[in-house]
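Have a look at the structure below, then the notes.
The values are calculated or read from the model by the stated rules, or taken from the named source; none is laboratory data. Just so you know, these numbers come straight off a predicted model, no measurement behind them. Cβ sites come from the backbone with ideal geometry, for glycine too, and all protein chains shown count toward neighbours.
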Amino acid sequence: MNKPTLLLHIGLTKTGTTTLQLSLFDKHPQVYYLGKSSGGPMDIKLCSSDLSYSILNPILWKLKKPLDTKAVLSLYQEKLLPMVSEEQILVASFEGLGNRTNDVHKEMLSRIKTIFGQCRLMITLRNPITRLPSQYLQNLRENFISQNHHWMGSKSYADIETWYRGRMRRRRDPLMDYSACIQSSVEQLGRENVGVFLFEELHQDSNAYYQSICEFVGIDSEIGVSLAKNEHFHSRLTEAQVAHMREINSSFLKRTHNSFSDNRSRIKALKENANSPPAKAVLPEELKKKVSDATRVGHRWLVDNLDLPLEKYGYPL
């Protein structure tokens, strides 16, 4: 089976992952893309096909159940591989995989190696002092539209301190275990098979950033840069949209009415409040200290072992 091994992109959230998924991986002719993909602005599919989902689900997500190695190998070797050309790289991308405990991450890598033989992994980091406020605003939007964050209950709004406490209670979905997961990836896969990129370098020189990713993946960088250049999919919440969420949250009747409205109505309400300055969120000093204390040791390991310029971009060290 002289086919390429799997390249897995695991995020992190709020580091430009959607552009990589929908513009680069999903469209590059040298990539056989397994997911995440899109059929339109509001039609994001977890995987590119039912077949890819059947293969990846027991490897990436259903980790509490024993792996049926024979069945998954059969799907991979007999159904998927014949559709992959010699010029293509198998790529999967799911930003949520970057927010996992180290034990879960290691089990995932072990299963990938069982099925694919080997794995190459890439992840984009971002200074958590700026990433967490950005993720907070994204979670506010997601919850308002889909009401999918159970820790918020029926609320349409939560301040950043409440959001942080709710997220930290989700032990299976940690916010700041990425350094340990990267270390485990290096140990299990080898340093040459782990690509770590910085979101700050995307802002500094997007063309160079996308070129470096294409070179790591092993695909034509000129095509890749042209596909990803100037693409941006997630508009930021506006001040008026956040104010609308607060207004609904201030009244039991408004919260109840909002909870029974459908997604389209909530999306429409956000669009009606889109024409205002972008909302801003910052970590209070107490949270900055907690985040710094939680990530400092891991960041030092990344600097010492991977030679990443984290100090240049103000990462807690």
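Quick notes on this structure:
- Within the stretch 196-217, the set of residues being within 15 Å of Thr18 (Cα to Cα) and among the small types (Gly, Ala, Ser) comprises Ser206 only.
- Gly195, sole failed condition from (1) outside any helix (DSSP H, G or I); (2) modelled with pLDDT of 95 or more; (3) in contact with a Gly (Cβ under 9 Å, 6 or more places away or on another chain): (3)
- Only a single item in (1) at pLDDT below 95; (2) assigned by TED's automatic domain parsing to the domain that holds Tyr178; (3) outside any helix (DSSP H, G or I) is not met by Gln77, and it is number (3).
- Each residue in the stretch 215-271 was checked for being free of Cβ contacts under 8 Å to residues at least 60 places away in the same chain and of a type in the set (A, V, I, L, M, F, W, C), and 7 of them qualify.
- Which numbered condition Leu302 fails, given (1) surrounded by fewer than 15 Cβ atoms within 10 Å (Cβ to Cβ); (2) in a helix (DSSP H, G or I): (1)
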